[in-house]
1. Can you count the Lys pairs in the chain with C-alpha separation below 27 Å, eight or more apart or on different chains?
2. For mean projected area of the Cα convex hull in nm², the listed values are (1) 8.7; (2) 6.4; (3) 7.5; which was obtained by calculation from the structure presented?
3. So how much accessible area does residue 28 have, in Å² to the nearest 10, using a 1.4 Å probe?
4. Counting only the heavy atoms of the protein chains, how much of residue 81 is accessible to a 1.4 Å probe, in Å² to the nearest 10?
5. When the Kirkwood hydrodynamic radius is evaluated over all pairs of different C-alpha atoms of segment 18-59, what value in angstrom, to one decimal, is obtained?
6. What distance in nm separates the simple spin-label points at residue 38 and residue 99, each placed 7 Å from Cα in the Cβ direction?
7. Given labels modelled 7 Å from the Cα in the Cβ direction, how far is it in nm from residue 83 to residue 71?
8. Once the Cα atoms of helix 59-77 and of the chain are each reduced to a long axis, what angle between those two axes, in degrees from 0 to 90 to the nearest 10, is obtained?
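The values are calculated or read from the model by the stated rules, or taken from the named source; none is laboratory data. Everything numeric in this text was worked out from a predicted model, so none of it was measured. No Cβ is skipped: glycine too gets one built from the backbone with ideal geometry, and neighbour counts run over all protein chains shown. Accessible surface areas use protein heavy atoms only, side chains included; no ligands, DNA or RNA. Shrake-Rupley method; radii C 1.70, N 1.55, O 1.52, S 1.80 Å.
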Amino acid sequence: MVPEGALGKPELVCHWDGGKPASAGCVYVRYKVGENLWEAWLLASKARVTPSSDPKVSTPRNELWGLLYVVRLITALLPGMVEKLASIFIMGDSECTISVVECQDKVLGAWFGN
């Protein structure tokens, strides 16, 4: 998967999202191939359709599932990477999930507990 003329080490670019229809996580590998030029490929992904019959399933829970998929994919892929990575970017747009991850005093734990 290394493109011709790749400069430097690869990076993982990961995105996650969730909502009422589904939740998903995607992991891309990206290489710099020139001045301001990059090449990227989808390395792995996981998606899940939200069951409409389960009243406990909320949008924040689906957002957390998307983040969980990305973290599990990264954990599974890292041992198989031949080259050491330059960096890993994890991107998502969920305010509630980002708040839980960054929360220092765990006041939101009751909302996201099992």
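1. Summing the qualifying lysine pairs gives 11.
2. Correct label is (1).
3. Near enough 80 Å² of accessible area.
4. About 50 Å², rounded to the nearest 10.
5. Details: mean 1/r = 0.0785 Å⁻¹.
With all distinct Cα pairs of segment 18-59 included, I get 12.7 Å.
6. So the label points at residue 38 and residue 99 sit 2.9 nm apart.
7. About 2.8 nm, to one decimal.
8. So the inclination is approximately 30 degrees.
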